[in-house]
Amino acid sequence: MRILPSLSYALLCLAVYQPAAAATAEDITLSGTSRPASSAGTAGAAREVAALRAAEQRRAKAVSSRDVATLRDLISRDYYHVETRGRARTKTEFLQLLTRDEYEFRSYEIDDSEIRMLDNGQAALVTGRFRAAAQGADGPRELRGRYVRMWVLGPEGWRNTMQQTTEIRPLAIQRDLRTQH
């Protein structure tokens with residue numbers, strides 16, 4: 001998959017340049033350079049952040065309602081999805097999962113999110129927390145987690161290219177899992 005090298009590089013740039021970006025208004029580029037944002041660039045960035053927040057909300061609503069048409073529009077062709085239990089899925093596999101009766105989200109809500117613009121506003125890294133209620137083959141399940149999503153701006157607008165989710169487990173469950181090994 002061609003997104004993985006780009007994603008790895010974007011995450012590396014983010015880790016290296018995040019302290020500088022937090023201290024001053026800067027664009028972080030995938031080439032590893034940073035430059036101060038202009039006031040015109042700041043207004044454009046604010047519009048893009050608003051567009052991304054709207055896309056994130058559309059995505060959350062589409063996941064909880066199993067709106068595959070909306071998700072198909074929001075997700076890029078080369079989408080890469082890593083779920084809470086570590087399984088990786090393509091766009092097709094992710095959309096098929098939502099259409100089958102074996103797994104259904106009853107709700108999916110974003111609790112908190114942060115958007116970091118990258119590559120002169122052409123890409124964004126969105127991190128956050130979510131809550132979900134799902135019905136699977138093993139019964140109902142309440143889920144809290146953290147996510148990282150990579151979005152890329154193209155001619156048709158923002159497209160989600162990658163998602164990785166990690167479940168947030170209560171401390172007691174984590175202790176129980178350690179004693180089982």
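Hey, can you tell me all the residues within the range 67-86 that are of a type outside the set (A, V, I, L, M, F, W, C) and modelled with pLDDT of 95 or more? Before the answer, list the steps.
Here is the first cut: in the range 67-86, the residues of a type outside the set (A, V, I, L, M, F, W, C) are 67, 70, 72-73, 76-81, 83-86.
Listed by number, the residues that qualify are Thr70, Arg72, Asp73, Ser76, Arg77, Asp78, Tyr79, Tyr80, His81.
Taken over the range 149-181, the criterion of being modelled with pLDDT of 95 or more and out of contact with any helix residue (DSSP H, G or I) (no Cβ under 8 Å at 6 or more places or on another chain) is satisfied by Val152, Gln163, Gln164.
Checking each residue in the range 114-148 for being among the small types (Gly, Ala, Ser) and at pLDDT 90 or above picks out Gly121, Ala123, Ala124, Gly128, Gly145. Scanning the range 62-92 for residues that are under 17 Å from the mean Cα position of the chain (by Cα) and either at positive phi or acidic (Asp, Glu) (or both) yields Asp73, Asp78, Glu83, Gly86. Quick one: would you say Gly145 is in contact with a Phe, Trp or Tyr (Cβ under 6 Å, 6 or more places away or on another chain) and in contact (Cβ under 8 Å) with a residue 60 or more places away in the chain? Yes: the conditions hold for Gly145.
Suppose the filter is at pLDDT below 90 and surrounded by fewer than 16 Cβ atoms within 10 Å (Cβ to Cβ); does Ala46 pass it?
So Ala46 fits the description; yes.
Suppose we keep only residues that are in a strand (DSSP E or B) and of a type in the set (D, E, K, R) within the range 106-138. Which one would you say is nearest to Gln163 (Cα to Cα)? Steps first, please.
Here is the first cut: in the range 106-138, the ones in a strand (DSSP E or B) are 106-118, 123-136.
If we keep only those that are of a type in the set (D, E, K, R) too, we end up with 106, 109, 111-112, 114, 116, 129, 131.
Working: Arg106: 20, Glu109: 16, Asp111: 17, Asp112: 16, Glu114: 14, Arg116: 15, Arg129: 13, Arg131: 16 Å.
Step by step, filter the range 106-138, then rank; the result is Arg129.
The values are calculated or read from the model by the stated rules, or taken from the named source; none is laboratory data. Just so you know, these numbers come straight off a predicted model, no measurement behind them. In this analysis, Cβ positions are derived from the backbone assuming ideal geometry, glycine residues included, and neighbour counts consider all displayed protein chains.
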